[in-house]
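Asker: Here you go, one structure.
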Amino acid sequence: MPNTDRTFSARRPAARESALGDSVEGTSHSLSLHVRRWIVTLVMMAAAVFWLLPVIWVLVNSVKLTPDIIRLPPEWIPWPMTGEHYWQVLFSAYRSARIGRAFVNSGIIAVGSVALVLVTGAMAAYPLARMRFPGRNLIFALLVGSLMVPNVVTLVPQYILVQQLGG
């Protein structure tokens, strides 16, 4: 039985030399690639900050006192901070629209619909995945085809239906 250990160790130094030679030659290329990645990262971070600036401004203004919102020059760090606007919008009784109640109702509908879709989707997926029955391929094609229809396409017919029902 030949000693494969010697053969393997004899090949190893040559592989090391070529790897070292390649890395020495490729250092400038690697460095320029590294610099380009840093530049791209910095540009993307600047774009993200620029894109998020209006969102940050809205959040900063939401915790300011009402007279401070229109003060010139604008303040990026509000003092004193207050949650009064959130309290008024979500919980106060003097507002004509109860946004807090609408928020809770929307949460209930969202959680309920997700639970309903999960349960019915699991009950539909199991027989389609595990059982063979006549019409299985047709039902599967209808389900997948209905997923391809964008929700926006059904918006106008739903609106007309609600109008006809008197809603």
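The values are calculated or read from the model by the stated rules, or taken from the named source; none is laboratory data. Predicted model only: the values in this text are computed from it and were never measured. In this analysis, Cβ positions are derived from the backbone assuming ideal geometry, glycine residues included, and neighbour counts consider all displayed protein chains. Side chains are part of the model used for accessible areas, which takes the heavy atoms of the whole protein and leaves out ligands, DNA and RNA. Shrake-Rupley method; radii C 1.70, N 1.55, O 1.52, S 1.80 Å.
Asker: Using a 7 Å offset from the Cα along the Cα-to-Cβ direction at both residue 31 and residue 87, what is the distance between the two label points in nm, to one decimal?
Answerer: Label at residue 31, label at residue 87, 6.1 nm between them.
Asker: Tell me, what ³J(HN,Hα) does each residue in the stretch 127-133 have, in order and in whole Hz, if you take phi through Karplus 6.51 cos²θ - 1.76 cosθ + 1.60 with θ = phi - 60° and put x for Gly and Pro?
Answerer: x, 5, 8, 9, 10, 10, 8
Asker: Taking a ≥ b ≥ c as the square roots of the eigenvalues of the Cα gyration tensor of the stretch 89-148, is the shape rounded (a/c under 1.5), prolate (a/b larger than b/c) or oblate?
Answerer: Note, shape of the stretch 89-148 comes out prolate.
Asker: Still on this structure: For a quick check of your reading of the filter: which trypsin sites (Lys or Arg not before Pro) in the stretch 33-73 sit in a DSSP loop and have no more than 15 other Cβ atoms within 10 Å?
Answerer: Those satisfying the criteria are 71.
Asker: Got a number for carbon plus sulfur as a percent of the stretch 33-167's accessible area, 1.4 Å probe?
Answerer: Answer for the stretch 33-167: carbon and sulfur cover 76 percent of the accessible area.
Asker: Quick one: accessible area per residue over the stretch 43-167, 1.4 Å probe, rounded to a whole number of Å²?
Answerer: It amounts to 86 Å² per residue over the stretch 43-167.
Asker: Another question, then. Could you give the length gained on full extension between residue 52 and residue 153, defined as 0.36 nm per residue of separation minus the Cα-Cα distance, in nm?
Answerer: My answer for the length gained is 33.3 nm.
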